[in-house]
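The structure appears right after this line, and notes come after that.
Since every read-out is calculated from the coordinates, none of them should be taken as a lab result. These numbers come from a predicted model, not from an experiment. Methodologically, a virtual Cβ is constructed for each residue, glycine included, from the backbone with ideal geometry; neighbour enumeration extends over all protein chains shown.
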Amino acid sequence: MTTPEKEMIKKKNSNGSWIPAMVLALTCLGGYGNAQTKSAAVSTAARIANAESAGPDAIAKHATILDWPAKMGDDLVVLRQGSNGWTCLTDWPVTPANDPMCLDDVWMEWMQAGMQKRPAKIDRVGLAYMLQGGEAFDQRDPSRPSSPPGKKPYFVGPHVMVISPNPKELTGISHDVYNGGPFVEALERDHPIILIPVALPGSKLKVIPGTIHP
């Protein structure tokens, strides 16, 4: 496991005990405990397959696989250590949708920065995959487990996500989550992100062999 992955899995608090950085980043607000029941009694092999389904085989098959803990505050569970610097997480239990994800180390830094309420150190383009799609409650910060008053959750079909070291490069990209194309999310973060849908909500990606031209 790479150093960034280790730092994301555990972070030491002032009392000397270990707390899971990404768990706190995404599950410290209400609703986590009850939501975890949607993935109860699933085998380890099935959990790994679920996490791998978020990204291309060439990445997911060699990525570190992390699973969410049974209760908030416990350590993330390492189902498999990887070798390529990518990390894939199983379906996030807070949402009703199936939304595993595969993240590179830039994205891991972005998520850890969000937990620590500090600016993210983004020095190059970061990439992430959610090829099963995903649901979010708040466009301002997709890690929030509930929608703001008057707003509803939104679901995005299979998509890739991009972080740029220069947020100004996102100027001109739509903020409309229903426009059918790329849009900007995490509007309140110092580094907002671009979501690029590659299929309609509810659809699945299918590999169709192409014809080799002479």
Applying a 10 Å radius around every beta-carbon, put 93-103, 182-192 in order of their mean neighbour count, most first. 93-103, 182-192
Neighbour cut-off at most 12 other Cβ (10 Å), DSSP loop, trypsin sites (Lys or Arg not before Pro), region 68-137: Lys71, Lys117, Lys121, Arg124
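What net charge do the residues around Asp138 carry, taking every other residue with its C-beta under 10 Å from that of Asp138, with Lys and Arg at +1 and Asp and Glu at -1? Please list the in-between numbers first.
Numbers: positive: Arg140, Arg144, Lys151; negative: Asp141, Glu185, Glu188.
Counting the neighbours of Asp138, the net charge comes to 0.
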Quote the charge dipole size of region 40-93 about the Cα centre in Debye, to the nearest 20; the model charges only the Cβ of Lys and Arg (+1) and of Asp and Glu (-1). 80 debye
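Could you put Tyr178, Tyr129, Tyr154 in order, starting from the residue whose Cβ has the fewest other Cβ atoms within 10 Å?
Working: Tyr178 8, Tyr129 24, Tyr154 17.
Ascending number of Cβ neighbours within 10 Å: Tyr178, Tyr154, Tyr129.
Mind sorting Ser53, Ser43 by how few other Cβ atoms lie within 10 Å of their own Cβ, fewest first?
Details: Ser53 21, Ser43 8.
So the residues, fewest neighbours to most, are Ser43, Ser53.
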Positive-end residue, region 109-186 charge dipole about Cα centroid, Cβ charges, pick of Pro149, Gln116, Phe183: Gln116
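Using a ≥ b ≥ c from the Cα gyration tensor of region 121-208 (square roots of the eigenvalues), is it rounded, prolate or oblate, where a/c under 1.5 gives rounded and otherwise the larger of a/b and b/c decides, a/b for prolate?
Working: a/c = 1.77, a/b = 1.12, b/c = 1.59.
Since a/c reaches 1.5 but b/c is at least a/b, the shape of region 121-208 is classed as oblate.
Just add up the charged neighbours of Thr90: K/R +1, D/E -1, any other residue whose Cβ is under 9 Å from the Cβ of Thr90.
Details: positive: Arg47; negative: Asp67, Asp91.
Counting the neighbours of Thr90, the net charge comes to -1.
For region 67-143, rounded, prolate or oblate, judged on the Cα gyration tensor with a ≥ b ≥ c (square roots of eigenvalues), a/c < 1.5 rounded, else prolate if a/b > b/c?
Rounded shape, in that the Cα axes give a/c under 1.5.
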